[in-house]
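> This is the structure I have questions about; it appears just below.
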Amino acid sequence: MKALFLEKPGALAWSDIPEPVAAEGEALVRVRRCGVCGTDIHALAGKQPFFKYPRRLGHELCVEVVSAPAGSGLSRGDLCAVEAYYFCGTCPACRSGKTNCCQNLRVLGVHIDGGHTSFMAVPVDKLHRAVSLTPDQIALVEPLVIGAHGVERAALKPGEPAVIIGLGPIGLAAAIFAKAAGARVACVDTQTDRLSFACDRMQLGEPLRANADLAGELQKHFGQLPSVIIDATGSAASMKETFQLAEHGGRIIFLGLFSGDITFDDPNFHRRELTLMASRAGITVSFREVIRLLEKGEVDVLPMITHRFAFEQTAERLPRIHHEPGLVKAMINFDGTL
C-alpha cells in the first residue's frame, strides 16, 4: 500500500509499504480523514521540536475499524478518533494521571509514524468510538482536545472574563470550549480575517485587534483586565505581554509552544500574584468529553474546515497549503471523493 513519508525538511516521498498486521491488543483500521496540523507544517520546514526524520506525518485522524480483538468493544465499521499520545503509564506523571506530560511520551506522526497511509494498526485503548459523528467531525477531535485541555487547566468559571490570543485552529478550539464553559470571551489576533472568522462566522466572542493598547481595550471591554488569558500564538513577544494583560490574581495559560526562553518582570508577576501554567496535548478523558459534547450538538466545529484535498494530492498540496487564502483547517480525504 502507498504511504507518504517526510524524508527530511522539505522532502516528501511516496513509498510502498506492507499492509500492517494487528498485534495483540491492537485493531486494524482504515484511515478515513486526516487533518493538517501546524506540527506538520513546522516539520516540513525543519522547525518542529522533538522531531526525527524520516517520519510519516498525520495525527488528527478519523479511522474505520476493519478488525478488532474480541472484548475490545469495537466492531467492524466503527468510526473512531485516535488518541495520538502514547504514554508509558509508569512514570511519576502517568501515575498521577498527567499522562499528557509523560516522561516517555511518544506522539503519533512526531515520534512514531502517523496516518499518512491507508491502513494502520492501533492499540484499542487509543481508539475512541463516535456513534453519531461524521468523519470530518471525528478528525477534528484531537485538535479540539488540545484547546479543551487548555480550558480545563484554566478552570474557567461561568461569567469569568477570559481572552484567547491567537486564533489559529488551537486558539479557536480554546475559544469554543471557553464559551461552552460560560466565560465572557474576547478573541485577539493581529489578523482581521482571523478575527472575523472567530467572531462573525463562529460567534466565539468579542473581537479585539492586537495592538499597543490591548490592555486598555481589554479593561474597557470587561471593566477590568481578564482573569484568564490563554495564549495560543507560540510567539515569544505575545507570551511575554500576557503578564501585563492579566488581572491581579489572574491565570495565564501558555497553549502555544515557543522554542526558546520567555522572560518576564518578576516584581509585576509577584505584585499581581499571577498563576502561570503550560498546557500540553490532552488526556484520555478529554477525548471522551469532546466526543460527548460534539454528539450532543453543544459545539459546532465543522466551519473550521476551510480546505480539502485527496490523499493522493498530499505531496503536492501539503508544502503550500499554509500559503492558500483563508486557511483555517485543511482536511485530507482518504475516501476517493471530495
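> Could you give the size of the charge dipole of the chain about its Cα centre, using +1 on the Cβ of each K and R and -1 on the Cβ of each D and E, expressed in debye and rounded to the nearest 20?
On the way: 35 positive and 37 negative charges, 56 e Å.
Approximately 260 debye in magnitude.
> What Kirkwood radius, in Å to one decimal, follows from the Cα pairs of the range 109-204? Mind showing how you got there, number by number?
Working: mean 1/r = 0.0661 Å⁻¹.
About 15.1 Å for the range 109-204.
> Given H placed 1.01 Å from N in the peptide plane, which residues other than close sequence neighbours of His59 have an amide H under 5 Å from its amide H?
Residues meeting the amide H criterion: Gly115.
> Across the range 78-85, in residue order, what do the Karplus-derived ³J(HN,Hα) couplings come to in whole Hz, using 6.51 cos²θ - 1.76 cosθ + 1.60 with θ = phi - 60° and x for Gly and Pro?
4, 9, 9, 7, 10, 6, 7, 10
> For the range 1-75, which GluC sites (Glu not before Pro) are in a loop by DSSP, counting at most 11 other Cβ atoms within 10 Å? Don't jump to the answer; show the numbers that get you there.
Working: sites: Glu7, Glu24, Glu26, Glu60, Glu64; in loops: Glu24.
Hits after loop and neighbour filter: Glu24.
> Relative contact order of the range 3-144: what whole-number percent is it, with Cα pairs under 8 angstrom and at least 6 residues apart? Present the calculation step by step, with values, prior to reporting the outcome.
On the way: 309 pairs, mean separation 44.8, N = 142.
Reported as a whole number, the value is 32 percent.
> Something else: Could you state the principal axis extents of the C-alpha atoms in the range 109-157, from the largest down, to the nearest angstrom?
Result, largest extent first: 42, 31, 19 Å.
> May I pose another question? How much of the DSSP beta bridge set in the chain is antiparallel, as a percent to the nearest 5?
Working: 31 of 58 bridges.
Restricted to the chain, the bridges split so that about 55 percent are antiparallel.
> Around Met331, under 14 Å between beta carbons, what's the net of Lys plus Arg minus Asp minus Glu among the other residues? Write out the running numbers ahead of the final one.
On the way: positive: Arg32, Arg33, Arg308, Arg317, Lys329; negative: Asp40, Glu60, Asp136, Glu142, Glu324, Asp335.
For residues surrounding Met331, the net value is -1.
> If you average the alpha carbon positions of the range 34-57 and of the range 178-244, how far apart do those two centres end up, in angstrom?
The two parts, judged by their Cα centres, are 28 Å apart.
> So what are the ³J(HN,Hα) numbers for the range 266-278, from phi and the Karplus equation (6.51, -1.76, 1.60; θ = phi - 60°), rounded to whole Hz, Gly and Pro as x?
5, x, 5, 4, 6, 4, 8, 6, 7, 10, 10, 10, 8
> Which value, in Å² and to the nearest 10, is the accessible area of Cys94 when all protein chains are kept and the probe is 1.4 Å?
Answer for Cys94: close to 10 Å² accessible.
> Related question: How large is the Rg to Rh ratio of the range 136-272 when both quantities use alpha carbon positions and Rh follows Kirkwood? List each step's numbers first, then the result.
Working: Rg = 13.9 Å, Rh = 14.8 Å.
That ratio is 0.94, to two decimals.
> Roughly what would the spin-label model give for Ser196 and Glu295, points 7 Å off Cα along C-beta, in nm?
3.8 nm
> Place +1 on the Cβ of every Lys and Arg and -1 on the Cβ of every Asp and Glu in the chain, take the dipole about the Cα centre, and give the residue among Ala154, Ile321, Leu57 whose Cα lies farthest towards its positive end.
Ala154
> Between Ala236 and His111, what FRET efficiency comes out of the Förster formula 1/(1 + (r/R0)^6) with R0 = 22 Å and r the beta carbon distance, rounded to 0.05? List each step's numbers first, then the result.
Working: r = 25 Å, r/R0 = 1.14.
Approximately 0.30, to the nearest 0.05.
> In a shell of Cβ-Cβ distance under 13 Å around Thr306, excluding Thr306 itself, what net charge do Lys and Arg (+1) and Asp and Glu (-1) give? Before the final figure, lay out the partial values.
Working: positive: Arg194, Arg201, Arg308, Lys329; negative: Asp136, Asp193, Glu324.
Around Thr306, the charge tally is +1.
> Under a Cβ-only charge scheme (Lys and Arg +1, Asp and Glu -1), can you give me the dipole magnitude of the range 221-281 about the Cα centre, in debye to the nearest 20?
140 debye
> If packing is taken as the mean number of other Cβ atoms within 10 Å per residue, what is the order of 200-209, 187-196, highest first?
Ranked from most to least packed, the peptides come out as 187-196, 200-209.
> Turning to a different aspect of this structure: For Ser279, list long-range residues whose amide hydrogen, built 1.01 Å from N in the peptide plane, is under 5 Å from its own amide hydrogen.
Phe254
The values are calculated or read from the model by the stated rules, or taken from the named source; none is laboratory data. Just so it is clear, the structure is predicted and the values come from calculations on it, not from any experiment. No Cβ is skipped: glycine too gets one built from the backbone with ideal geometry, and neighbour counts run over all protein chains shown. These accessible areas exclude ligands, DNA and RNA; they are computed on the full protein's heavy atoms, side chains included. Shrake-Rupley method; radii C 1.70, N 1.55, O 1.52, S 1.80 Å.
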